[in-house]
Structures are given as structure tokens and as C-alpha cells.
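The values are calculated or read from the model by the stated rules, or taken from the named source; none is laboratory data. It should be emphasised that the depicted structure is a prediction, and the values quoted were computed from it without experimental measurement. Note that each Cβ is placed from the backbone with ideal geometry, even for glycine, and that neighbours are counted across all protein chains shown. When the accessible area is computed, the model is the full protein with side chains, heavy atoms only, and any ligands, DNA or RNA have been set aside. Shrake-Rupley method; radii C 1.70, N 1.55, O 1.52, S 1.80 Å.
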Protein chains: 2
Amino acid sequence: MYRTHNCGELNISHVGQQVTLCGWVQRGRDLGGLTFVDLRDRYGITQLLFNMETDDSLCQSARKLGREFVVQATGIVSERSSKNPKMATGDIEISVSKLEILNPSAVPPFTIEDDTDGGDDLRMKYRYLDLRRAPVMNSIMLRHRMAQVVRSYMDSNGFIEIETPVLIKSTPEGARDFVVPSRMNPGEFYALPQSPQTFKQLLMVSGFDKYFQIVKCFRDEDLRADRQPEFTQIDCEMSFVQREDILNMFEGLARHLFKAVLSIDIPTLDRISYADAMKYYGNDKPDLRFDMKLCELNDTVKGKGFKVFDDAELIVAINVTGQSEYTRKQLDELTEWVKRPQIGMSGLIYAKHNTDGTIKSSVDKFFNADELARWSTACDSKPGDLILVLAGNESRTRKAMSELRLEMGERLGLRDKNVFKCAWVLDFPLLEKDEESGRWHAMHHPFTSALPDDVHLLDTDPGKVRANAYDMVINGVEVGGGSIRIHNKDIQKKMFSLLGFSDEEAQKQFGFLMNAFEFGAPPHGGIAFGFDRLCSLFGGSESIRDYIAFPKNNAGRDVMIDSPSSISDEQLKELAIKVVN
Amino acid sequence: MYRTHNCGELNISHVGQQVTLCGWVQRGRDLGGLTFVDLRDRYGITQLLFNMETDDSLCQSARKLGREFVVQATGIVSERSSKNPKMATGDIEISVSKLEILNPSAVPPFTIEDDTDGGDDLRMKYRYLDLRRAPVMNSIMLRHRMAQVVRSYMDSNGFIEIETPVLIKSTPEGARDFVVPSRMNPGEFYALPQSPQTFKQLLMVSGFDKYFQIVKCFRDEDLRADRQPEFTQIDCEMSFVQREDILNMFEGLARHLFKAVLSIDIPTLDRISYADAMKYYGNDKPDLRFDMKLCELNDTVKGKGFKVFDDAELIVAINVTGQSEYTRKQLDELTEWVKRPQIGMSGLIYAKHNTDGTIKSSVDKFFNADELARWSTACDSKPGDLILVLAGNESRTRKAMSELRLEMGERLGLRDKNVFKCAWVLDFPLLEKDEESGRWHAMHHPFTSALPDDVHLLDTDPGKVRANAYDMVINGVEVGGGSIRIHNKDIQKKMFSLLGFSDEEAQKQFGFLMNAFEFGAPPHGGIAFGFDRLCSLFGGSESIRDYIAFPKNNAGRDVMIDSPSSISDEQLKELAIKVVN
């Protein structure tokens, strides 16, 4: 035993005890004849006291300790003369009688403090040091806590955690697979799973009834800031269920997580159809922490000679409550904001509903007071409000207004990261048409069933068929999604055929699943949650990287271990592959 | 909701209730005007009753149900006239009033019963059907239970579960890596981890203090019956610990697992040195369920003119209690057994210690009664015992005697799979010499530290240095192993140099770890358990495959999904690789 206690647990009740602590030197302070050293470990910080009068040479050794030295200190717990109420151990200090340096440290390349002076690249390279900083360490510990809470909920609800294989088969559908050359089967490759979808369905065919797994998945995609080539899912599947059963079970999971991890009671989840989400929020993962719904103005504003409106497929507004005092400068800046390439609009129109009841718009030339009053009615504006209007191509304009709504919510402080609004988005379209190829694509994946009411449309009007699918959305982030699956071989074949698979292709890639459906597949459905994203949401962070112990950068590299890297010619030869330049 | 109850929960207290069950048709029986159908799900089997008098057409439908059809049945819970005390639901049956076929089934390729008529290959191909059989399903559920119990023990002891990356860096040390070509970094490869060893050590450098993970690992080895290319470890690491701390913590884990999963109280673990294990049991993972220790007879039997003994490096015996009545036929058969290539001995010598006190050996020509009495003393035989002797090259003979001991234990029923004997094996050699190359190899791995008492021998006599390492052995199976690690850069460098690494190679492959040691690495150590093996041991099975939902065969193939498989030219091109024939 190197220690009797950790650096977070000693308090006034321990005064007088001899203890031994281990940890890292956070900082030292010399005050006349006294030297104070803050000793840090995962559990907290405890102040060590060295007294020149009591032990000259020991105090000299303490003064030589550098930051991040690993030390072992033995001494008596004493009450502090000046207490620190901000620290759990702030009432006491250790009057050290014995000090041992277990390992010295070079000067770290950045400061190990809550706020550090290290840049992103440096912190990635020395990730093991960045992980020492309390905010990063706490993020990883939050993730642990969430995983345990998820498992205990699932276990207590009768779900069996089953590990599905990592070395599986490449299926070109969807995103790119990572592949693994097989030495024992030259010229052949395994693929790493993008999700355990087909395996969990097979487990339902096997009769496991309720399955879950917290599992690594892999996608060889070009990376954005918040994507990682390897990511973690909470993957779940149930048999003999309808949509309502799944929604209840996983609403329960969300409620349990918020309560157990954040001590928050969340209300019953709102349910909103895909159509309404698009109509009122301009996207299928609405941030419901604030209202500011989109209002379509096509019927209200067209035909008044204003070409921008008259030529537009969609004219859409939001009413920003209480912001009629927005200055010209602010509005100009907002106009520039919507013109950015990421938003892509050519301009912004506004109408200030002044506190005196008058309405002043940026297009007064075309709209008189009566007409502006109709805008106000359409948008339900009140004196003091600001109406913002975008017009243009339907899909781009809706998307832009969704962004503008979020931006205004952000500016007005309506998106508090400590407030959580959870909802189910339902009734997605089953298929979407790729405009270029004219082919149908599965909006979720090809195993999703149609809503029972819409099955009859599959042959006649596939674009109208709604999926028996659901997404869980929290604060504008899609944290999970799933569906009731197809469990009938013929319907699954029809789906593949709708998606442009030949029978042969379908059989080659997914024959094992369709064959399994012939041997008594139960009705089943499931859901998968993005665990990295869920953790970052609970932790109040934008970035999932903070919640991954060893993340990769945007080029898919782990700069700490310098991977990927070249491999030896011998390895290549054994694997029967060659690198092509 | 497809059902109100599952097929395992109804009993006499539910009589009179209307219920709806779902499940698979296990079998049907027609008895005059009655039809019985056993309905199966994960939870159990419930008998459905159809009465020709009550509902003719319903009963006819029931008679048409095939095996493994998925059905939904509604009816009243009734008390059975002839009860089945062997079934949890044996007191009741369901008088069915409504029956729906949710999915029919083709005739399964083998019977879905506890004992099946399906061969290995067929059952692997239709693994999703094999998983329906109770023994296989129960094995997977045991695994789930064990994983949850492990996690709750680790969590309650302050361990943080942290996911380490799957896409890491290839290090040619040890077994072969599976590699993954990187599309974004052409010509470069990730490797799949053989273990998270270096990452868990970095987590200790980060200050996580206690880490664990139940994690998939990968080894591209030629497969034996009980090896899989992907396997699962319980991986653990702790800081500021000595060997004793680790032994206590994980002895606690073993005790907790046996109690929580099998309701068995295991005694304090025996501890045995590597040297004693080799001496008394002939191998480093002794089966301690029975005694039958090896006795070396070199001093007792040499120099009597028997060339086999006189030329042998080692003459070693076991005393088989109470087996002096072994027949000539049995002894001949045993002789053939030791001559098999897997054992590789040229013969077996025996001495029967008869119940009348006389000793009769197979080499009476060379050894008189007095001399045989000395054999008896050396082996501590009693009247009625049988002494078996092997002689020859030291290492092969010791290994053969270890096998013979296990074989005799097996034949005498001393290896009851419901009895568990757990032990720690300690004080392994740190290094072993490869006889061919003359190079030192790390017996565990290059991160293992030497026992403090032996450190001084590293420079002078490295072969004598004992490792600060430990294996947990249960019933002759090594279920886990670990060590106190090196945490000092200079010692780690020295270790790599002893192992024949140039400084440059060591830096290229493990530089990130050695650099991390410069920034305040705490003393640390850990252990990893083979989770598949541990599950099979708890389940009383020889094979780990039963405890893996979707295992691969000995050629590394998943014959169910037909993987590995070829990939498209487009994929190869994107990955900048080419298959070489």
C-alpha cells in the first residue's frame, strides 16, 4: 500500500491521524518559513504543509518539487488556520514528516489547470497530460457513470447484453466500411461494423427477446469536427413490440439517465411528426428549448409586386419576441450572417413591430401598414417584437430559417445548456429520392418497416409512405433513432428491390438475414443512441472529443501514438496485399 | 403490446385470468379431441390447450402449426389436470380462444432441442437457430450476468470504465496484428489492439487511478479449437499499488463472481510459486482440484543399471491413490496413451503397491523389493496405490507427466466441473531465452517489472530475475494474468534493450509510452482476464465458442454471414491497395 487515503477524502474528522497520501504536485508556495504544496489525484487536492522550523531539510526538499512530480507524503492531519470553504479538504492540511519522490516530471508542455495555455494540437499529442486536467477527466468519468446507469436500467428491464462480432462482412450500402485483410483467406477482407444492425435482428430471430450493447462502431467517412472514425452506440432491440412499446421503454431510459446522472426530472417527451418538425422548425431535430416557430407567409405576401417574394418558392418568417429595438447595425450584421456561404441566402427582410403598435419593415415600398398588419397576424407578433423573413428556394430557405432561428435563440440566451427538452420525432418518410440518380434511398436503413396505415402505398406511391421509425431529439440534437423492422422475407425483398438492388445483390449481401426470416422471425424493433453525443450533451459540451479518452483528429490520425503508420513488407506479404501509389 | 405475459411466468396464482402470449412452437401433440402446443420463449415454455369440442376450427388451425412457427395466443389460464412439477409453468395451461400466426417457419435444418441432431458445421451456418436451444441461449445469458457482476464490483470499488481505441498502431512485437488500411492516409495502416496495454498504462499516467474495461481484442493467429481471432478481456489497471493490493482486489472479484453467479463461497486463494508449480504439477497452471503431485526420482532410481533411467535428465512419478488393481490391459492402454505424438514419451513404467504391502513393478529386473520400497517412500505411496513413472528429456518429460496427471485425474473423476479451485501463481521468470536465436523474450510482456529483490540481477544474470507478475489459475486454466509495470523511462529502455530492440525501434514503437513516463508516471500495475474462457469455466464447458454469440470457425470464417469476402475494385482503389496472388 502506497497510501492510506486519497487526496479528496480527508476532513476535520481526521485531525490528529497519521496518513500517507500519493499524488501529483499541482503547485507549491513558499511563505517565509512555511512551504505549501497542493497534492492532486483523481479524488481531489490536499494541502501539504512543510515547516522550516520543524524540519529544515524536508522543507528544502519540498521547495525543490516541480510541477507534476509524483510524490508520497506521510504526516499528521491538522486543522488549517485559514480554511478554504471551496475545497472538500479545505478545512485541513497535512503536516508532513516524510516525503518521497516516486517519479519526477519534466516540465509539462502546457499547464495542467482547468484553463490551460495548450493549443489543440499540443494537447492531442500529449493527450495523457490533457486528461489530467479536471474538466477533461470529469468528462471521462461522466461517461463511465452514464454507461453504468444505462446498463443497470437495461439489465433491470430484462435486456441481455450480447457482444456482436467486430470482424464482419463488407456491405457497400451506406457509408464506407473500414476493411481488414484476412491472412488466412488471402484476397478476402473482413469489415468493421457500421452498426450491429443485422446481428441484433438475428438475435431477435434467435429469441433473445431483449438485447442491448454499448458497442464500438466504425465509419470511414471524411471527418467533421464532431465525427470520429470509431464511435460508440447504445444499441437495443426488442421482440413482440409495437412502436409505442419502444417509445415507452426508451423514454424511461432517458428519464432514468437524467435523474440518476444529473438529478433532473424531465417531463413526458413531446411527440412531433416529421412533417410538423419541418414546418415549424425547418428541420427534423428541432431545438424545443424555445418556441419561435417558423410561419409561412406565401399566402400573405405574394402578389404585391415585390419580386423577391413573388419569385420565391417559400417565404418564411420567425417572430423574435421583444426585439423590436434591434439596431440597424445589428440587422445589417444579421443580413451578412444569412449571406454567409454556410447559410447561403441573398438577403434578410425584417419588420419591427414597434412598442407603439406601428410596424416598420425593410420593404415598406411594397407593403403598406394594412399589409404589414397581416404579416403580424400571420406571425402572431406583439408590439415590441421583431419579424425576420427569408425567401427563396424551398428547401434552402427552410434550412436557412432553421439556422437563423437557432442563431437568434443563441443570441437571446434561450439555449441554456443546463435546460433539457427531449422529444420524439415520428412518421419520417420511408424513402427519399436521390435527385441525381432518380433512385430511392432508405431514409433510415433498408430494414425499416412502413407504418401499417401506409403499407398499401408501397407499390403505388412509395414517396408518400411513412416509416415506422422514431428519433429521440434533445435540445436540437438527434441522440437516437430506430424503427420497427421488417420481419418478413418477401417484404424485405421488395424493399431491396425498391432500393434498386438486384435479387442477386440482395441475396449476396443480406441473404443470411432474409434466410433467417424464413425460420420464424418475431415482430421486432429497436433503437440506437449515439453514446459519445449523449455524453457531450449531458456534460454541456459541443464537442464529443472531450468525452473520448483517445480521440482522433480530423485526418483520422492519433497524433499521440502516431497512427496510422506504415507496416512492414513482411506483414504486407503475409496479408497478400500491396500498397499502390 | 403483442403479449401480456411471457412464457415463463404464469403459475397457479394466475388461474382464471385472460392472457396473451407470444413465442415459438416447440412441439404439438394431438390427443383425441384435444391438441396441446408447447409455446417457447426466452423465459420458458407454456402449454397451450385447444379443444375440438369448444372450437373446432381453432383446434384445426393449431394442428397445422409447424415447429418454430411464431404465434400469438390469447386464452384463459387454467389449472392442469396432470401437472408437470419439472416446469415452472407446469401447474397451468392456457385454454386458447384466439390464435394468430405472426410468422410461419420453414422446417429447421436441425431440431431445436437441448440435444440436437445438427452437426457443428450446420449449426454454425444457422447459428441464429442454434442460439434458440436452451443450453446455448443460457450460456449467452450467463455471460451477460457475469459481465454485469464484474462491472458492478469494479464500479463499487472505484474503477472507471474507459473505452480505449480500436484503431491503433501496429507493433510487430508478440502475435500478428490485424491491420486496417487508412483511406485518408494512403499507404498507412491502423492495427486492431491485441490488448489495451499501453493505453491503460497511459491512463495511469493521466491519473485515472483505477481503470477497467470489458473489451474486444484481436490476434491474427492460426486458430486452435478454443481460440478466436476476436476475444474479450476484462482489462484492469491501478495506480499506487504493490502486488499484494492487486491480488487482494482481484481475489475479491473472483470471490464476488462465484458468489453472485454460482452461489459458491470460495476459500482464500492458494498462492504457489512458478517454481513449485513446475516442480509439483509440471506446468504453470496447475489443476488443484486434486493432489497427485509429481515426485522426482532422479536420486532414488539412477545407477541401478536401468539404461532408460540412467540416461534420463528427469525421472518423475505420480502416486495414483487406490489404483493398484489397474489391469494389465489398462496399463498397456495408458502406455499407448503416453506414446501418442501429443505426449511424445517412449514408454511408461509403473509400480503397483499392492494391498498386501508388496510392490510389483514393470522393471523388477533392475529394482529389488528394497529399492522399490525407496520408490514408495519417495512417492509416499500406501498399500493399494499405483505409481506411474516417466523418464527422459527434462522439459518434455515434465510436460508429459503433467498431462498424465490430468488424464488420471480425469479418469478417476477428480476433475468435477462443479468444483472450483482457484490459485495465484507467482514469481514467474521475467525473461525466457529463445533457444534458436539466443535472444531473451519477455515471458509476460516488455512492460512487466522485476521483483524488487531481483532487480540487481538484471545486468548480471537476467535469466534468474523473477517478474513482479501473477496469474490467476482456476481448475488448471489460466483465467487472468498481470504484473506490476515498469514506470520509469530508463528501466523501460533497458528492458527493450535486453529484448534486442535498438533504441530507435523502441522509440518508434513505444516512444509515446516512454515519453509519457517522463511526465510523472505513478507506480502502477494491473491484470487482464480472458472473459470468454472465464465464462466457459463458470458454465462448465470446455469450449469458449458456446459463450460467444457469433463465433468464427478454425479458418477464421463466419460461415453464417460468409465472411471474410472479396471487396470491390473501387474499395481497393480508394484504399490504395491491391490484392497480390
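Residue count for the range B:54-90, restricted to those that are open to solvent by 60 Å² or more (accessible area, probe 1.4 Å) and over 38 Å from the mean Cα position of the chain (by Cα): 11.
Say we look at the range B:177-189 and pick out the residues that are at the interface with chain A (Cβ under 7 Å from one of its Cβ atoms) and closer than 18 Å to B:GLU221 by Cα; which of these is surrounded by the most Cβ atoms within 10 Å (Cβ to Cβ)? For the range B:177-189, the residue satisfying everything is B:VAL180. Scanning the range B:153-170 for residues that are surrounded by fewer than 18 Cβ atoms within 10 Å (Cβ to Cβ) and either under 22 Å from A:LYS216 (Cβ atoms) or touching a residue at least 60 places away in the same chain (Cβ under 8 Å) (or both) yields one hit, B:ASN157.
For the range B:190-212, what are the residues that are open to solvent by 10 Å² or more (accessible area, probe 1.4 Å) and touching a His at 6+ places or on another chain (Cβ under 8 Å)? Answer for the range B:190-212, where residues must be open to solvent by 10 Å² or more (accessible area, probe 1.4 Å) and touching a His at 6+ places or on another chain (Cβ under 8 Å): just B:GLN197.
Mind telling me which of the residues B:SER563, B:SER483, B:SER543 ends up being of a type in the set (Ser, Thr, Tyr), touching a residue at least 12 places away in the same chain (Cβ under 8 Å) and open to solvent by less than 10 Å² (accessible area, probe 1.4 Å)? Spell out the reasoning first.
Details: B:SER563 fails: touching a residue at least 12 places away in the same chain (Cβ under 8 Å); B:SER543 fails: open to solvent by less than 10 Å² (accessible area, probe 1.4 Å).
After ruling out the rest, the residue left standing is B:SER483.
Looking only at the range A:9-33, which residues are surrounded by 18 or more Cβ atoms within 10 Å (Cβ to Cβ) and in a loop (DSSP other than H, G, I, E, B)? Matches in the range A:9-33: A:LEU10 only. The strands (runs of 3 or more DSSP E) located wholly in the range B:388-500 that include 3 or more residues which are out of contact with any Ser or Thr (no Cβ under 6 Å at 6 or more places or on another chain) and not acidic (Asp, Glu) occupy B:422-426, B:440-442, B:469-474, B:477-484.
Within the range A:213-227, restricting attention to residues that are farther than 23 Å from A:LYS169 by Cβ and facing chain B (nearest Cβ under 10 Å), which residue is most open to solvent (accessible area, probe 1.4 Å)? It would help to see each step written out before you state the result.
Taking the range A:213-227 and keeping what is farther than 23 Å from A:LYS169 by Cβ, we get A:222-227.
From what's left, facing chain B (nearest Cβ under 10 Å): A:222-223.
Numbers: A:ASP222: 93, A:LEU223: 26 Å².
Top of the filtered list is A:ASP222.
From the list B:GLU251, B:GLU325, the one residue that fits, being open to solvent by 10 Å² or more (accessible area, probe 1.4 Å) and either over 20 Å from B:LYS382 (Cα atoms) or of a type in the set (Ser, Thr, Tyr) (or both), is B:GLU251. Condition first: in the same structural domain as A:ALA175 (by TED's automatic domain parsing), of a type in the set (A, V, I, L, M, F, W, C) and without any contact (Cβ under 8 Å) to a residue 60 or more places away in the chain. Can you find one or more residues in the range A:430-437 that meet it? Yes: one or more hits. Taking B:GLY530 as the residue in question, decide whether it is farther than 15 Å from B:LEU142 by Cβ and either in contact (Cβ under 8 Å) with a residue 40 or more places away in the chain or β-branched (Val, Ile, Thr) (or both). Considered against the rule, which asks whether it is farther than 15 Å from B:LEU142 by Cβ and either in contact (Cβ under 8 Å) with a residue 40 or more places away in the chain or β-branched (Val, Ile, Thr) (or both), B:GLY530 comes out as yes.
Scanning the range B:387-417 for residues that are open to solvent by less than 10 Å² (accessible area, probe 1.4 Å) and out of contact with any His (no Cβ under 7 Å at 6 or more places or on another chain) turns up B:LEU388, B:VAL389, B:LEU390, B:THR397, B:ALA400, B:MET401, B:SER402, B:LEU404, B:ARG405, B:MET408, B:GLY409.
The set of residues in the range B:501-517 being without any contact (Cβ under 8 Å) to a residue 24 or more places away in the chain and either open to solvent by less than 10 Å² (accessible area, probe 1.4 Å) or in a strand (DSSP E or B) (or both) consists of B:ALA506, B:GLY511.
Against the condition of a type in the set (Gly, Ala, Ser) and over 22 Å from A:PHE159 (Cβ atoms), how does B:GLY16 come out, does it pass? Yes.
Within the range A:454-480, the residues that satisfy the criterion of being open to solvent by less than 10 Å² (accessible area, probe 1.4 Å) and within 13 Å of A:ALA442 (Cα to Cα) are A:VAL465, A:ALA467, A:ALA469.
Pairing residues of the range A:108-129 that are over 20 Å from B:PHE517 (Cβ atoms) with residues that are part of a helix (DSSP H, G or I) and of a type outside the set (Phe, Trp, Tyr), at Cβ distances under 8 Å and at least 6 apart in sequence or on separate chains, gives A:ASP114/A:ALA134; A:ASP114/A:PRO135; A:THR116/A:ARG123; A:THR116/A:ASP130.
Determine, yes or no, whether A:GLN26 is of a type in the set (S, T, N, Q) and within 14 Å of chain B (Cβ to nearest Cβ). Full working, then the answer.
Details: of a type in the set (S, T, N, Q): yes; within 14 Å of chain B (Cβ to nearest Cβ): yes.
Taking the combined requirement at face value, the residue satisfies it.
On the stretch given as the range B:39-53, residues that are open to solvent by less than 20 Å² (accessible area, probe 1.4 Å), within 14 Å of chain A (Cβ to nearest Cβ) and of a type in the set (A, V, I, L, M) total 1. Screening the range B:49-78 for residues that are among the hydroxyl-bearing types (Ser, Thr, Tyr) and closer than 26 Å to A:HIS487 by Cα and picking the one that is modelled with the highest pLDDT gives B:THR74. Just one of the listed residues (A:ASP265, A:ASP276) is farther than 12 Å from A:CYS422 by Cα and without any contact (Cβ under 8 Å) to a residue 12 or more places away in the chain, and it is A:ASP276.
In the range A:93-137, of all residues being within 13 Å of another protein chain (Cβ to nearest Cβ) and of a type in the set (Asp, Glu), the one that is surrounded by the most Cβ atoms within 10 Å (Cβ to Cβ) corresponds to A:ASP130. I'm trying to understand the selection: among the residues of the range A:274-291, which are open to solvent by less than 20 Å² (accessible area, probe 1.4 Å) and assigned to a loop (DSSP other than H, G, I, E, B)? Residues satisfying the conditions are A:GLY282, A:PRO286, A:ASP287, A:PHE290. Per the conditions (1) within 10 Å of chain B (Cβ to nearest Cβ); (2) open to solvent by less than 10 Å² (accessible area, probe 1.4 Å); (3) closer than 30 Å to A:VAL241 by Cα; (4) in a helix (DSSP H, G or I), the sole criterion not satisfied by A:ILE140 is (3). Scan the range B:358-386 for residues that are open to solvent by 60 Å² or more (accessible area, probe 1.4 Å) and among the polar types (S, T, N, Q) and the total you get is 3.
Taken over the range A:518-558, the criterion of being within 11 Å of chain B (Cβ to nearest Cβ), assigned to a loop (DSSP other than H, G, I, E, B) and more than 30 Å from B:TYR2 (Cα to Cα) is satisfied by A:ILE548, A:ALA549, A:PHE550, A:PRO551, A:LYS552, A:ASN553, A:ASN554, A:ALA555, A:GLY556, A:ARG557.
Which ranges mark the strands (runs of 3 or more DSSP E) fully within the range B:297-365 that have 2 or more residues being within 31 Å of the chain's Cα centre (by Cα)? Even if it seems obvious, please write down each step before you answer.
Details: elements: B:314-320, B:349-353, B:359-361.
Output list reads B:314-320.
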